[in-house]
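Chemist: Here it is, the structure in full.
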Amino acid sequence: MWDYTDKVMEHFHNPRNQGKITEKQEGEEIVTGQVGSIACGDALKLHLKIDEETQTIKDATFQTFGCASAIASSSALTELLKGRKVDEAMKLTNKEIAESLGGLPEEKMHCSVMGQEALEAAIYTYKGIPLDDHEEDEGNLICRCFGISDTKIKRIIR
Amino acid sequence: MTNTIYLDNNATTKIDEDVLAAMLPYFTTYYGNPSSMHTFGGQIGKVVRQARSQVASLLGAEESEIVFTSCGTEGDNAAILAALKAQPKKKHIITTEVEHPAILNLCRRLERDGYTVTYLSVNSKGQIDFDELEASLTGNTAVVSVMYANNETGVIFPIEQIGQIVKEYGALFHVDAVQAVGKIPLDMKTSTIDLLTLSGHKIHAPKGIGALYVRKGVRFRPLLIGGHQERGRRGGTENVAGIVALGKAAELAQQHLGSIGREKILRDKLEQGILAAIPNTAVNGDPDNRLPNTSNIGFKFIEGEAILLSLDEYGICASSGSACSSGSLEPSHVLRALGLPYSVLHGSIRFSLSRYTTETEIDRVLEVLPGVIDRLRELSPFNSD
Amino acid sequence: MTNTIYLDNNATTKIDEDVLAAMLPYFTTYYGNPSSMHTFGGQIGKVVRQARSQVASLLGAEESEIVFTSCGTEGDNAAILAALKAQPKKKHIITTEVEHPAILNLCRRLERDGYTVTYLSVNSKGQIDFDELEASLTGNTAVVSVMYANNETGVIFPIEQIGQIVKEYGALFHVDAVQAVGKIPLDMKTSTIDLLTLSGHKIHAPKGIGALYVRKGVRFRPLLIGGHQERGRRGGTENVAGIVALGKAAELAQQHLGSIGREKILRDKLEQGILAAIPNTAVNGDPDNRLPNTSNIGFKFIEGEAILLSLDEYGICASSGSACSSGSLEPSHVLRALGLPYSVLHGSIRFSLSRYTTETEIDRVLEVLPGVIDRLRELSPFNSD
Ligand SMILES: Cc1ncc(COP(=O)(O)O)c(C=O)c1O
Ligand SMILES: Cc1ncc(COP(=O)(O)O)c(C=O)c1O
Ligand code: FES
Ligand code: FES
């Protein structure tokens, strides 16, 4: 059994900000970043409501298909994002997500990577930047879901 | 913690109180070594013999055909390796895609050592194709290893039909019966099986004891080489308390076989209740040819670990995949072999009952589960699609 | 039956009451599988970790260096085979003539599989010759396996001196410490040992559990291949109760090391008493370099089995040779290796004490034994010579 922190379990059982964002005001935009697929066993849709003028994330919600740490990471991510400037948010790392949960088991770090990638996807979409694949990745596939290799995970964990 | 509702009996079982009572004297009172030349130790030989006869009786075997081991994994490893050593010229092994890691990982290792292994595929019901089996068998096939019943789906293989075919080609036939023993009647006297593995902790004996059936006349080479214990078939001081426990557990399992119908009724109640109350669910495997205690159910659009941890809040114990693979991130190799759609593959849960399971417990699961599934599906991005 | 006086602790030991108390909850209450994805099973992982740390502490090792096994024989087999698999090009093994059958019989088997084995001889005190060791070592030597202390005579080998030499030749160094653990202090941190075997039932834990120390950095291939248990180093559902018991027994053994002098005093009293009261007797092995609990005494002109069965009448348990070989009619290979005269060889008896041995028991043996030996000698045709 995984050694999940109480924080992980708390977010898993009482996830914050689940669902879609449907309502927006003038001057706000809703974007979605999606990663993973049902084939892989993990997928995340991250929805952001961005205030165009201040470039601030006013709301963040998620829909996650995945394990307890994927759900908890998504939930924690939305909390971290609310109120951040878009450019600040870009700098958010999966490590910060994991730390906000009091840490994740090493084998589960990629669950937080999923959050960071969904965030990247959402903001790239917002900025109109094309999404690149993760093809350059070498090493053993750990998470088939995103083509994340152990080398990449090690890089990210450090 | 809430009262535990233990529906994970294919992973391991509670030790029966009678089994515990039977083994206890061999820890602090009769702790001697059965190989000793004094009454204190020597008398232990008798109880080991009695246990051997109890295990033999459960299998319809002779006492001399039972070798005590430390677990199912040891039995599986010992059987395959003995079969290979007994026929050093034959370099081919046949098994199935859905075996336990104790067989599959051993076979992968043997491939690197120069053996060829055929992994028979299974259809969506988890059954192998006899034609594929026959096409794979050659004079070079040393051993065919097929599990009696699958630990994840409970699917039962037609072992004797398979054995008939195997025998035509002169190969040895090993059966991993870890999940079948105590759940379906076995009779080695009328069987085609040469080697059969069982494990104590799946039948209410403790962990750390198992047995291997070796048909009289089958040449055997020990995996653990040491003293003359087990008539030279397994070195190491006998785990006397474990052996006594396994004997008692075998006796109780034999008695219990008569009332296994009760477990099936509860299993069916659970399964029907789930299918009726929760949409987008399906039974994995072969609903007809199945262990009476096992139900593997796919819940679409959600992921197994999340289901298990939610159930855990209510003290309900179940599993996804085998306990052995749940440390990994891969979906179960057994369910993948069935060719399940991805939407189901990741959200499949095994409920496995025992003679201790009560109707109240089943009712409680049926009360709790729909809410758990609902909540997780609400979180899922695929639900609304 | 008379009260048992158990002086056969090198064969197997009584389970300590505290060890039994520690393991009991894991049979019927916390019976879960540590690999499970529910709290009921998952919580067991913690107690397994604790036990691993207790065993590690006894050896001065790190937790990650401990692999739980089912017995000393498994540990010995696993260690040698892992050392060979880790160095597939090296085909030479060095061991001694006086090892336990778990090493000797494995080596004989390996000779048939194409390995060369050097069996170092011992002198009359049971010690090997360093020159012979060095002359045998080559770049082709994969592993040197020497027991820490001999089970029959208690003779202790100068393990670190041997290890120094072994390391110069780049071979792996395995030590069968089944008899040494708990009787002499060990510290892997400052040791040359790469692999070390121990067995629970020799240190007041139950039969059916043991451990292998694998030095960090030493490549290891499992003997039992299966699930991911023991970090892939030993497949099979963990013997949780056994593991907990071994942990507790290790903790107690560590405490007991401080008062092992008491055992030595009793052993010396027994030995001196026998030598003083019975003519034509001698201590076998090395009186100085010996386990504090073991005395192996040769009684000229009579035969061991007869002595044992006579003692048995008084409830006194001892042994001739190891329990493992006493099923055979051969005199002990260990005593033969010492080059004992025939008149002694067949009449040698091992007394092995434990922390449970009392002075009253020793006194009783001293009271009974002279009569027993006398009677048998009167029957002997050699006596009058
Ligand atoms: C030195 C030595 N090595 C190995 C063993 C084998 O241990 P086990 O009986 O636990 O397999 C024994 C005891 O029988 C022993 O004394
Ligand atoms: C079908 C099957 N074979 C083998 C095993 C291995 O048994 P053990 O855990 O006793 O080594 C198991 C259980 O884990 C099993 O379900
Ligand atoms: S997202 Fe948690 S295991 Fe892949
Ligand atoms: S005379 Fe009995 S063993 Fe040889």
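Chemist: How much length, in nm to one decimal, is gained on full extension between B:ALA277 and B:GLU160, taken as 0.36 nm per residue of separation minus their Cα-Cα distance?
Modeler: Details: separation 117, 0.36 × 117 = 42.12 nm, distance 3.82 nm.
In short, 38.3 nm is gained.
Chemist: What is the local net charge at C:SER145, summed over the other residues whose Cβ is closer than 10 Å to its Cβ (Lys, Arg +1; Asp, Glu -1)?
Modeler: -3
Chemist: Just to be sure I understand the rule: take each whole DSSP H helix in chain C, project its Cα atoms onto its long axis, keep it if the span is 24 Å or more and its mean Kyte-Doolittle hydropathy is at least 0.5. Which ones pass?
Modeler: Values: long enough: C:240-257 (25 Å, 0.83); C:260-277 (26 Å, -0.17); C:359-379 (31 Å, -0.02).
Membrane-span-like by this criterion, though nothing is claimed about a membrane: C:240-257.
Chemist: Let me ask you something else. In Å, the Kirkwood hydrodynamic radius of the stretch B:157-204 over pairs of distinct alpha carbons? Show your work: numbers first, answer last.
Modeler: Details: mean 1/r = 0.0874 Å⁻¹.
Its Kirkwood hydrodynamic radius stands at 11.4 Å.
Chemist: Compute the FRET efficiency between B:PHE130 and B:ARG221 as 1/(1 + (r/R0)^6), taking r as their Cβ-Cβ distance and R0 = 35 Å, and round to the nearest 0.05. Before the final figure, lay out each step's value.
Modeler: Details: r = 31 Å, r/R0 = 0.87.
It comes to 0.70.
Chemist: Right, another one. Amide H neighbours of A:SER37 under 5 Å, counting only residues 5+ apart in sequence or on other chains, H built in-plane at 1.01 Å?
Modeler: A:ASP42
Chemist: Could you give the size of the charge dipole of the stretch A:6-133 about its Cα centre, using +1 on the Cβ of each K and R and -1 on the Cβ of each D and E, expressed in debye and rounded to the nearest 20? It would help to have the intermediate numbers written out before the result.
Modeler: Working: 14 positive and 22 negative charges, 46 e Å.
Dipole magnitude for the stretch A:6-133 comes out near 220 debye.
Chemist: Mind scanning B:LYS183/C:LYS207; B:LYS46/B:LYS202; A:LYS108/B:LYS207; B:LYS91/B:LYS264; A:LYS108/C:LYS216; C:LYS207/C:LYS264 and naming the pairs with a C-alpha gap bigger than 32 Å?
Modeler: Pairs exceeding 32 Å: B:LYS91/B:LYS264.
Chemist: Just the projected area, averaged over all directions, of the convex hull on the alpha carbon atoms of the stretch B:257-368: how many nm²? Mind dumping the intermediate values first?
Modeler: On the way: hull surface 28.5 nm².
Average of the hull's projected areas for the stretch B:257-368 equals 7.1 nm².
Chemist: Assuming a viscosity of 0.692 mPa s and a temperature of 37 °C, what translational diffusion coefficient in µm² per second does Stokes-Einstein assign to the protein assembly as shown, Rh being the Kirkwood radius over Cα pairs?
Modeler: Details: Rh = 29.9 Å.
Once the numbers are plugged in, D ends up at 110 µm²/s.
Chemist: Find, among the trypsin sites (Lys or Arg not before Pro) in the stretch C:194-248, those assigned to loop by DSSP (not H, G, I, E, B) with at most 11 other beta-carbon atoms within 10 angstrom. It would help to have the intermediate numbers written out before the result.
Modeler: Working: sites: C:LYS202, C:LYS207, C:ARG215, C:LYS216, C:ARG219, C:ARG231, C:ARG233, C:ARG234, C:LYS248; in loops: C:LYS207, C:ARG215, C:LYS216, C:ARG219, C:ARG233, C:ARG234.
Here the trypsin sites (Lys or Arg not before Pro) that fit, given the DSSP loop and packing criteria, are C:LYS216, C:ARG219.
Chemist: Sticking with this one: Only Lys, Arg, Asp and Glu count, each charged at its Cβ (+1, +1, -1, -1), so figure out the dipole size of the protein assembly as shown about its Cα centre, rounded to 20 debye.
Modeler: Details: 93 positive and 114 negative charges, 297 e Å.
That gives the protein assembly as shown a dipole magnitude of about 1420 debye.
Chemist: DSSP loop (so not H, G, I, E, B), at most 11 other Cβ within 10 Å: list which trypsin sites (Lys or Arg not before Pro) in the stretch C:71-118 pass both filters.
Modeler: On the way: sites: C:LYS85, C:LYS89, C:LYS90, C:LYS91, C:ARG108, C:ARG109, C:ARG112; in loops: C:LYS89, C:LYS90, C:LYS91.
Filter output for the stretch C:71-118: C:LYS89.
Chemist: Sort largest first and round to whole Å: the equivalent ellipsoid semi-axes of the stretch A:6-133, each the square root of five times a Cα gyration tensor eigenvalue. Walk me through the intermediate numbers first.
Modeler: On the way: eigenvalues 104, 46, 37 Å².
Square roots of five times the eigenvalues give 23, 15, 14 Å.
Chemist: Continuing with the same structure: For A:GLU107, put the label point 7 Å out on the Cα→Cβ axis and report which residues of the stretch C:223-263 keep their amide N under 19 Å from it.
Modeler: What the label zone holds, given the 19 Å backbone N cut-off, is C:225-240.
Chemist: Specify the residue with the greatest mean-square fluctuation among B:VAL372, B:VAL67, B:VAL344, computed from a Gaussian network of chain B linking alpha-carbon atoms under 10 Å apart.
Modeler: B:VAL372
Chemist: Between C:ALA21 and B:GLU359, what is the label-point separation in nm under the 7 Å Cα-to-beta-carbon projection?
Modeler: It is 4.3 nm.
Chemist: Over the Cα atoms of chain B, Rg to Rh with Kirkwood Rh, two decimal places? Mind dumping the intermediate values first?
Modeler: Working: Rg = 21.4 Å, Rh = 21.7 Å.
Ratio of gyration radius to Kirkwood radius for chain B: 0.99.
Chemist: Using a Förster distance of 35 angstrom, determine the FRET efficiency expected from the C-beta separation of B:SER57 and B:LYS269, and round it to 0.05. Before the final figure, lay out each step's value.
Modeler: Working: r = 32 Å, r/R0 = 0.92.
Plugging the Cβ-Cβ distance into 1/(1 + (r/R0)^6) gives 0.65.
Chemist: Kindly provide the helix-only [θ] at 222 nm of chain B, computed as the sum of -39,500 (n - 2.57) over DSSP H runs of four or more divided by all residues, to the nearest 500 deg cm²/dmol? Present the calculation step by step, with values, prior to reporting the outcome.
Modeler: Numbers: 15 runs with 154 residues, N = 385.
The helix-only estimate for chain B comes to -12000 deg cm²/dmol at 222 nm.
Chemist: Suppose R0 equals 22 Å; then what is the FRET efficiency for B:ASN3 and B:LEU257 from their Cβ-Cβ distance, rounded to the nearest 0.05? Before the final figure, lay out the partial values.
Modeler: Details: r = 28 Å, r/R0 = 1.29.
Once rounded, the FRET efficiency stands at 0.20.
Chemist: A further question on this structure: Specify the residue with the greatest mean-square fluctuation among B:THR73, B:THR138, B:THR360, computed from a Gaussian network of chain B linking alpha-carbon atoms under 10 Å apart.
Modeler: Highest fluctuation among the options: B:THR360.
Chemist: While we're here: Taking 8 Å as the Cα distance limit and 6 or more residues as the minimum spacing, I'd like the relative contact order of the stretch C:17-256 as a percentage. Provide the component values of the computation, followed by the final result.
Modeler: Numbers: 458 pairs, mean separation 67.0, N = 240.
In percent, rounded to a whole number, it is 28.
The numbers here are math on the coordinates, done by the rules we state, and not lab data. What you see is a predicted model, and the numbers here were worked out from it, not measured in a lab. Don't worry about glycine lacking a Cβ; one is built from the backbone with ideal geometry, like all the others, and counts go over all protein chains shown.
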